[in-house]
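I have placed the structure first, in the form of structure tokens, so that the comments after it can refer back to it.
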């Protein structure tokens with residue numbers, strides 16, 4: 001980028017920001033691969049020199065060249081600068097600038113250039129330059145640099161624009177991992193500027209913008225502002241209609257969420273589940289240069305009482321959460337952000353846990369691993385991955401379930417569709433002495449007495465007693481669901497007991513929605529005899545009772561002589577059918593045009609570099625029932641998001657439509673298309689396809 005000035009009074013006639021060289025060196029070129037150039041003259045990272053060339057009317061005295069950098073009330077705050085003459089032409093000056101990797105606040109800085117005359121007056125170049133400074137995880141002095149992350153990992157956790165956020169659908173021994181493609185879009189036009197506006201809205205002091213811990217806390221919505229009111233974690237249908245919000249499962253990327261937020265005067269624009277909030281947070285962190293990734297926890301607890309237990313009470317014939325401070329989600333997603341922790345010590349550098357849904361963190365992953373729980377935020381995260389489920393009946397503890405929280409914890413691998421199981425980095429294996437000692441250490445560090453723990457443990461069912469076991473596997477929605485109940489009499493005496501089976505639909509947080517099965521039967525088992533039941537729930541028994549999570553809870557209560565009581569349960573979800581996308585490279589027929597959810601926030605939608613691509617979408621396995629008010633969303637890394645109204649899809653039929661999508665040509669970026677589809681009956685249908693470079 002070269003800027004010229006024509007005034008004869010100016011000593012500096014041209015300024016060349018060396019755009020290509022600086023973007024390449026600072027790994028920020030992708031910001032300039034959008035449909036429009038970003039609203040910044042240059043985007044660079046801290047702790048690394050960027051270079052500018054000044055063309056002058058004649059040879060100037062280097063000591064009289066004036067360089068001023070301003071951000072809010074800060075002036076020349078921790079910048080290093082060097083000036084030198086060009087080796088072949090002394091009227092050309094090379095200026096090198098470097099923001100301090102530790103102290104310089106990130107964000108927009110304004111660069112002014114001038115020359116001091118012999119009378120002491122300064123003649124300023126007639127334009128200020130907006131320079132955006134970002135964190136730099138490639139430079140050791142920046143607090144977002146961590147030794148453990150290699151360059152390939154940083155490319156994934158900072159520069160990767162598309163990834164998978166995983167659901168874990170089934171709680172049984174076979175856990176079904178369901179990838180949801182998500183476009184982080186951190187380099188798309190206007191996103192960085194909107195992210196910086198969010199930081200400005202937070203009123204974070206300028207000096208604290210140098211600290212990735214403070215910036216991450218604000219990005220996560222601290223204190224409890226729900227990601228700074230971009231989007232709410234929960235919202236009723238009435239509230240959604242009031243703010244013209246969109247179903248959370250129709251979102252498949254962050255771009256339109258940010259742009260709708262911008263167009264709505266930086267006010268809340270809708271609602272989203274935990275994975276949507278996490279996707280937004282990761283977009284913010286990656287845009288600012290903080291390495292980040294999603295983490296999925298199956299059977300995750302919510303304990304806002306800070307006692308490391310998830311408490312349930314027996315009411316109306318079933319165990320229900322004691323209150324809103326005690327919940328158990330079928331799965332949860334939050335983010336990890338990588339940074340140094342000079343406040344804690346080098347041992348605590350690396351991944352920090354951040355939950356935007358409850359505005360908790362960042363807390364050090366190592367603190368959880370070491371069972372060092374000395375704050376309410378640490379207690380929150382520990383209970384989420386290793387709390388105990390406590391079942392109360394008639395004011396007394398009936399059973400403590402020590403292995404129902406944090407059944408599996410995963411994060412996307414560095415290769416697409418590879419999953420990393422990271423449960424063991426949080427805690428020892430369940431049902432071991434090491435895990436119980438880990439839990440006791442956490443409780444003691446939080447101030448919970450060991451005596452209370454021992455009291456709870458005395459209520460655990462004896463391993464040699466009667467105990468029901470529930471087992472089921474997820475199936476495609478529309479098919480019957482089978483589940484098994486097993487009971488063994490391990491004793492030398494005949495035992496008679498009542499076995500109560502309940503199946504009910506639940507919300508994401510495990511709360512009861514609607515009853516599907518409720519039956520009690522008396523059984524008698526001879527010594528060492530086994531009872532094996534196989535039950536079936538037909539499609540028409542559950543379809544009208546499902547909640548938004550499409551999840552059922554199957555429970556078995558066993559009551560016998562001498563107040564014998566035991567319990568087992570399992571959550572299982574009905575799977576939406578995936579979408580198959582086909583790229584019709586040479587198709588020249590008709591296609592659906594769709595509508596934009598939002599207009600471009602700060603620029604136009606298309607320009608001469610835009611190409612229309614054609615995508616055909618299919619439901620991979622058609623459903624035995626009709627879908628009403630179906631709509632599909634399509635977007636790409638450099639393709640504008642469109643929503644297409646499909647209407648009614650009859651039972652046992654497919655979509656059979658071709659869709660047009662406007663995309664920006666790029667010689668650098670391999671394009672991927674992501675789709676999500678919802679209807680009145682089924683949502684969360686998704687698919688993706690890689691189509692390569694569009695040039």
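Summary table below
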| quantity | calculated |
| --- | --- |
| Conditions (1) over 30 Å from residue 153 (Cβ atoms); (2) without any contact (Cβ under 8 Å) to a residue 40 or more places away in the chain; (3) buried (at least 17 other Cβ atoms within 10 Å of the Cβ); number of the one not met by residue 367 | (1) |
| Any chance residue 258 is more than 30 Å from residue 512 (Cβ to Cβ) and either in a strand (DSSP E or B) or touching a helix residue (DSSP H, G or I) at 6+ places or on another chain (Cβ under 9 Å) (or both) | yes |
| Every residue from region 327-350 that is touching a residue at least 40 places away in the same chain (Cβ under 8 Å) and under 17 Å from residue 137 (Cα atoms) | 336, 337, 338, 339, 340, 341, 342, 349, 350 |
| Elements of type helices (runs of 4 or more DSSP H) contained in region 117-235, each with 1 or more residues being crowded, with 23+ Cβ neighbours inside 10 Å and at pLDDT 90 or above | 191-201, 212-219 |
| Of the criteria (1) modelled with pLDDT of 90 or more; (2) assigned to a loop (DSSP other than H, G, I, E, B), which one residue 30 fails | (2) |
| Candidates 572, 611, 597, filtered to the one that is at pLDDT below 90 and touching a helix residue (DSSP H, G or I) at 6+ places or on another chain (Cβ under 7 Å) | 597 |
| Matching residues, region 415-436, being in contact (Cβ under 8 Å) with a residue 24 or more places away in the chain and touching a helix residue (DSSP H, G or I) at 6+ places or on another chain (Cβ under 7 Å) | 425, 426, 427 |
| Any chance residue 617 is surrounded by 20 or more Cβ atoms within 10 Å (Cβ to Cβ), modelled with pLDDT of 90 or more and within 20 Å of residue 182 (Cα to Cα) | yes |
| Listing of strands (runs of 3 or more DSSP E) fully contained in region 510-576 that carry 1 or more residues being touching a residue at least 60 places away in the same chain (Cβ under 8 Å) and surrounded by fewer than 20 Cβ atoms within 10 Å (Cβ to Cβ) | 512-525, 551-560, 565-573 |
| Test for residue 623: is it assigned to a loop (DSSP other than H, G, I, E, B), closer than 30 Å to residue 32 by Cβ, modelled with pLDDT under 95 and not assigned by TED's automatic domain parsing to the domain that holds residue 30 | no |
| Answer from 296, 278 - the residue that is surrounded by 24 or more Cβ atoms within 10 Å (Cβ to Cβ) and within 23 Å of residue 200 (Cβ to Cβ) | 278 |
| Breaking point among (1) touching a residue at least 24 places away in the same chain (Cβ under 8 Å); (2) part of a strand (DSSP E or B); (3) loosely packed, with under 15 Cβ neighbours inside 10 Å, for residue 499 | (3) |
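The values are calculated or read from the model by the stated rules, or taken from the named source; none is laboratory data. Computed from a predicted model, the values in this text were never measured in an experiment. Cβ atoms come from the backbone with ideal geometry, glycine included; neighbour counts cover every protein chain shown.
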